[in-house]
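Asks: Provided herewith is a single structure, encoded as structure tokens, for subsequent inquiry.
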């Protein structure tokens, strides 16, 4: 629907978008708060209506060069440009996070208290990461690429992996508390967990390898029990929760779409 | 992009109509809502934080951008802040998304103002930490440790970091209330938290806490829809069980005649 532009047209489009955004913000500020609410409600309703109609209206084949099996209706062609509005709105908030972090850590650094060292580490890391990444984008030579890889792959990714691996230790301490026999439910949980764990490992399966593979007594094999626990009671419980969650999410979406939501950041009914 | 098939159209549209109808009916009638233990525990946790003079840590999850889970979590968090403001308890709200930062700041400031204690609002307590999953988890764990949180409220959408955050709260002895729509993380919260709001109780929380007629009506509508779906499941199970038997009987009848 929209085609990319180059040259001076690109600058005109960017300038036009900026002016339109500033005007929209200024107009919203001028509108009284009560009327502003109706503007927001109307925009939310129109946005929701578009996606609801696009989803529910009958579809027909709409082959595209990259997806020959694509189907859609007359609204499908606008999906991409309308979907692009979300990252544009998100773009306005990008700087907010950095500003908030800088304010919090800047004040700590100035106070020179106990956590000043952490705040200094934050500023040094942020500046180093930004500088190296910009350098790598501007001059993609071997030194800059390696520096960026060192900080990103060698530093940040490894720190992420370290935090992820810590979960293993937390699982042990959480499992210890969960499996303590304090009630009937905790005992059932312990027995079920032991059966599933035994069914997952070779030693567990070896313990019951003498039981028949087929027939009625095959349930004595720990891996058969494990499969039954996971596929029958566990799956049933998860699906029941998923049903409730699905309807709950639908109810909230309807309330927000139709402007019926109340409480906290929405209007109170008193 | 996915589109609705006939079954989705036949189920989703009537369900939506039932929910909206229940909301409209509830505006004229008072409705009963059963006690949800996890939500009742919120007041206990606020009381504990007040008595100990230590802060509460309130999270809205790791939703990317502003979605219904983050908004629902924020709705619960603002209730907590309104309630705690009366006693002067401090609430720290780390957020993982820059868009949520602006919305959270606004909602928390409004909550303090509504409670009649606008002076308690401290912008530094609404902190953007990181939008990277484990960096956020590490930072939240650090906040819980350093501030020696007395209560942790973990609402919203979580991934694998749920256990890191909940276990840290457990280690500092904080009373913890969690609620998430992420079914894979519910077991971790059950193991590490004192109270957990399971499944659609998470979406019922704002109705339970605010007692707004619209939200209560929505909740009743949801329950009616769940009843209808349950009935459809039972009919489906019965039909698929008896269909082969009835089919063979019908074939025998046809062959005889």
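The values are calculated or read from the model by the stated rules, or taken from the named source; none is laboratory data. Source: prediction; values computed, not measured. Counting neighbours? That spans all protein chains shown, and the Cβs are built from the backbone with ideal geometry, glycine included.
Asks: Run down A:79, A:41, A:30 and say which single residue is modelled with pLDDT of 85 or more, surrounded by 14 or more Cβ atoms within 10 Å (Cβ to Cβ) and away from chain B (no Cβ under 13 Å).
Replies: Working: A:79 fails: away from chain B (no Cβ under 13 Å); A:30 fails: surrounded by 14 or more Cβ atoms within 10 Å (Cβ to Cβ).
Unique residue meeting the criteria: A:41.
Asks: Return the residues of region B:142-174 that are assigned to a helix (DSSP H, G or I) and closer than 15 Å to residue B:189 by Cα; say none if nothing qualifies. Explain how you work it out, then say what you get.
Replies: In the first step, residues of region B:142-174 are kept if they are assigned to a helix (DSSP H, G or I); the result is B:142-147, B:162-171.
Passing the criteria: B:162, B:163, B:164, B:165, B:166, B:167, B:168, B:169, B:170, B:171.
Asks: Now for a different question. Among the candidates A:88, A:71, which residue alone is in contact (Cβ under 8 Å) with a residue 12 or more places away in the chain and either within 21 Å of the chain's Cα centre (by Cα) or within 9 Å of another protein chain (Cβ to nearest Cβ) (or both)?
Replies: Working: A:88 fails: in contact (Cβ under 8 Å) with a residue 12 or more places away in the chain.
Going through A:88, A:71 in turn, just one is in contact (Cβ under 8 Å) with a residue 12 or more places away in the chain and either within 21 Å of the chain's Cα centre (by Cα) or within 9 Å of another protein chain (Cβ to nearest Cβ) (or both): A:71.
This table checks each residue for (1) buried (at least 20 other Cβ atoms within 10 Å of the Cβ); (2) closer than 24 Å to residue B:17 by Cβ.
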position	(1), (2)
B:169	yes, no
B:224	no, yes
B:239	no, no
B:243	no, no
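Asks: Could you grab me the full set of residues in region B:142-162 that are within 10 Å of chain A (Cβ to nearest Cβ), buried (at least 23 other Cβ atoms within 10 Å of the Cβ) and over 18 Å from residue B:72 (Cβ atoms)?
Replies: First, the residues of region B:142-162 that are within 10 Å of chain A (Cβ to nearest Cβ): B:142, B:146, B:160-162.
Add one more test, that the residue is buried (at least 23 other Cβ atoms within 10 Å of the Cβ), and what stays is B:161-162.
If the condition is that a residue be within 10 Å of chain A (Cβ to nearest Cβ), buried (at least 23 other Cβ atoms within 10 Å of the Cβ) and over 18 Å from residue B:72 (Cβ atoms), then B:161 is the only one that fits.
Residues checked against (1) at the interface with another protein chain (Cβ under 8 Å from one of its Cβ atoms); (2) on the phi > 0 side of the Ramachandran plot; (3) surrounded by fewer than 19 Cβ atoms within 10 Å (Cβ to Cβ); (4) under 19 Å from the mean Cα position of the chain (by Cα):
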site	(1), (2), (3), (4)
B:71	yes, no, no, yes
B:88	no, yes, yes, no
B:93	no, no, no, yes
B:102	yes, no, no, no
B:105	no, no, no, no
B:112	no, no, no, no
B:119	no, no, yes, no
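Asks: Looking only at region B:175-202, filter to residues that are more than 8 Å from chain A (Cβ to nearest Cβ) and in a loop (DSSP other than H, G, I, E, B); which one of those is nearest to the chain's Cα centre (by Cα)?
Replies: Selected residue: B:180.
Asks: Kindly establish whether residue A:101 is within 30 Å of residue B:166 (Cα to Cα), surrounded by 15 or more Cβ atoms within 10 Å (Cβ to Cβ) and out of contact with any helix residue (DSSP H, G or I) (no Cβ under 6 Å at 6 or more places or on another chain). Spell out the reasoning first.
Replies: Details: within 30 Å of residue B:166 (Cα to Cα): yes; surrounded by 15 or more Cβ atoms within 10 Å (Cβ to Cβ): yes; out of contact with any helix residue (DSSP H, G or I) (no Cβ under 6 Å at 6 or more places or on another chain): yes.
Taking the combined requirement at face value, the residue satisfies it.
Here is a yes/no grid of residues against (1) assigned to a helix (DSSP H, G or I); (2) touching a strand residue (DSSP E or B) at 6+ places or on another chain (Cβ under 9 Å); (3) modelled with pLDDT of 90 or more; (4) under 30 Å from residue B:19 (Cβ atoms):
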position	(1), (2), (3), (4)
A:146	yes, no, yes, no
A:158	yes, no, yes, no
A:199	yes, no, yes, no
A:210	no, no, no, no
A:237	yes, no, yes, yes
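Asks: Return yes when residue A:182 is farther than 22 Å from residue B:160 by Cβ, away from every other protein chain (no Cβ under 11 Å) and touching a residue at least 12 places away in the same chain (Cβ under 8 Å) and no when it is not.
Replies: No.
Asks: If residue B:63 meets every condition in (1) modelled with pLDDT of 90 or more; (2) surrounded by fewer than 24 Cβ atoms within 10 Å (Cβ to Cβ); (3) within 14 Å of another protein chain (Cβ to nearest Cβ); (4) not in a helix (DSSP H, G or I) apart from one, which number is that one?
Replies: The single condition residue B:63 does not satisfy is (1).
Asks: Does region A:101-111 contain at least one residue that is away from chain B (no Cβ under 12 Å) and at pLDDT below 90?
Replies: Start the filter on region A:101-111 by keeping residues that are away from chain B (no Cβ under 12 Å), which leaves A:109-110.
Going one step further and asking which of them are at pLDDT below 90, we end up with A:109-110.
Yes, some residue in region A:101-111 is away from chain B (no Cβ under 12 Å) and at pLDDT below 90.
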